[in-house]
Amino acid sequence: MRNRLMDLFVMLAMAVAFSAVAFGQTYGTKGYSPGAWKPEELPKDLAKPKPYNAHDMNGVWSSPTRQGYFERHALNDKWLDIKDKSIPDQMRSQTYPPPMTPWAKEKFEATKPSYGPRSVAPGLGNDAVSTCDPMGYPRDLYEANLRPFEIVQASDRILVHMQYHDIWRTIWTDGRELPKNPDAAWMGYSVGKWDGDTFVITSTGYDDRTWLDHFGNPHSDQMVLVEKWHHPDADTLTVDMTITDPKVYTATWVGETVTFVRAKAAIFEELCVPSEEEHFNDKIRDAAVGTAKP
């Protein structure tokens with residue numbers, strides 16, 4: 001599995017340089033979905049574009065891979081200097097997260113991420129991803145930088161299938177309200193409805209053990225996340241997020257617009273298996289800091 005994932009990272013790096021080729025391929029190509037169906041094994045109709053409907057978000061989506069596109073890993077990548085004109089616009093955040101409360105600062109300082117200005121070698125960190133614990137949401141969404149996700153719409157719910165760790169998120173659209181006193185859940189509880197051509201999702205009940213992003217920014221179990229999704233054309237999805245969490249942030253955190261493009265590919269199995277993750281920690285993460293087992 002890990003060898004296959006390393007091959008995938010190489011292929012995705014190549015995709016950044018050759019995006020016109022990568023996204024011009026047929027749905028289900030073996031290059032994007034190792035071990036899956038070859039293009040010639042699939043019905044040709046699968047590659048035909050479907051009629052555009054602003055309310056139909058079905059399909060596989062990923063971050064753009066055009067040259068120079070910056071992979072976002074947070075609502076706002078605040079650690080990049082917005083005044084440094086040598087940094088591409090996409091890499092410079094125009095807004096900053098609000099200040100943390102004392103409770104949140106203590107929680108934040110206890111995190112040891114592998115990204116950003118506070119990063120430590122993976123073998124010395126405490127990122128949940130290294131132990132196969134769920135990353136939670138919205139952090140899971142940022143993995144679409146390297147892996148796609150799939151949206152499946154049903155009559156009473158929308159399902160979001162994250163390739164990374166094979167996570168399913170349910171957004172109920174049957175008119176129910178959010179639960180009043182829910183048990184905390186890794187992916188929270190979500191309800192959604194259409195407001196014109198904007199799909200609005202409100203979520204709460206998140207387990208506060210997860211981080212908001214790769215940088216270790218925290219949240220509490222009181223966090224309320226509001227997402228506004230738009231489907232402006234057949235091959236584009238955008239989302240705007242706001243977080244309200246008085247226990248952690250002194251004001252509402254307004255994120256920057258995140259854009260996804262239709263991926264002409266299929267979701268494939270990418271589970272986080274504890275035994276494989278332990279092997280990966282030993283051979284890669286711990287080896288990087290000289291603490292691998294003999």
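The values are calculated or read from the model by the stated rules, or taken from the named source; none is laboratory data. Predicted model, so just to flag it, every value in this text is computed and none were measured. Cβ sites come from the backbone with ideal geometry, for glycine too, and all protein chains shown count toward neighbours. For the accessible areas, the whole protein counts, side chains as well, though only heavy atoms, and no ligand, DNA or RNA atoms are used. Shrake-Rupley method; radii C 1.70, N 1.55, O 1.52, S 1.80 Å.
Restricting attention to the range 236-247, the residues that are surrounded by 15 or more Cβ atoms within 10 Å (Cβ to Cβ) and in contact with a strand residue (DSSP E or B) (Cβ under 6 Å, 6 or more places away or on another chain) total 6.
Return yes or no: is Asp233 farther than 13 Å from Pro138 by Cβ and open to solvent by 20 Å² or more (accessible area, probe 1.4 Å)? Criteria met by Asp233. Inclusion of Trp168 among residues that are open to solvent by 60 Å² or more (accessible area, probe 1.4 Å) and either of a type in the set (Ser, Thr, Tyr) or not in a loop (DSSP other than H, G, I, E, B) (or both) is warranted.
Any idea which of Pro246, Pro232 is in a strand (DSSP E or B) and more than 18 Å from the chain's Cα centre (by Cα)? Talk me through it step by step, then tell me what you get.
Details: Pro246 fails: in a strand (DSSP E or B).
When all the criteria are applied, what remains is Pro232.
When Glu143 is tested against (1) without any contact (Cβ under 8 Å) to a residue 24 or more places away in the chain; (2) acidic (Asp, Glu); (3) under 20 Å from Asp245 (Cα atoms), just one condition goes unmet, and that condition is (3). Note on the range 115-159: residues that are in a loop (DSSP other than H, G, I, E, B) and either open to solvent by 10 Å² or more (accessible area, probe 1.4 Å) or of a type outside the set (A, V, I, L, M, F, W, C) (or both) total 22.
The one condition from (1) closer than 22 Å to Phe215 by Cβ; (2) part of a loop (DSSP other than H, G, I, E, B); (3) open to solvent by 40 Å² or more (accessible area, probe 1.4 Å); (4) of a type outside the set (Phe, Trp, Tyr) that Lys107 does not meet is (2). Only one of the listed residues (Val152, Val160, Val129) is closer than 22 Å to Thr111 by Cα and hydrophobic (A, V, I, L, M, F, W, C). That residue is Val129.
Looking at the range 50-62, is at least one residue of a type in the set (Ser, Thr, Tyr), at pLDDT 80 or above, over 17 Å from Thr210 (Cβ atoms) and surrounded by 12 or more Cβ atoms within 10 Å (Cβ to Cβ)? Walk me through it before giving the result.
Let us first name the residues in the range 50-62 that are of a type in the set (Ser, Thr, Tyr), namely 52, 62.
Subsequent filtering for residues that are at pLDDT 80 or above retains 52, 62.
Those still in the list that are over 17 Å from Thr210 (Cβ atoms) too: 52, 62.
Now restrict to residues that are surrounded by 12 or more Cβ atoms within 10 Å (Cβ to Cβ): 62.
Checking the range 50-62: at least one residue is of a type in the set (Ser, Thr, Tyr), at pLDDT 80 or above, over 17 Å from Thr210 (Cβ atoms) and surrounded by 12 or more Cβ atoms within 10 Å (Cβ to Cβ).
Residues of the range 252-283 that are modelled with pLDDT of 90 or more, in a loop (DSSP other than H, G, I, E, B) and either closer than 18 Å to His161 by Cβ or in contact with a Leu (Cβ under 9 Å, 6 or more places away or on another chain) (or both): Gly255 alone. Checking Thr210, Thr202 one by one, the residue that is in a loop (DSSP other than H, G, I, E, B), closer than 22 Å to Asp240 by Cα and touching an Asp or Glu at 6+ places or on another chain (Cβ under 9 Å) is Thr210 and no other.
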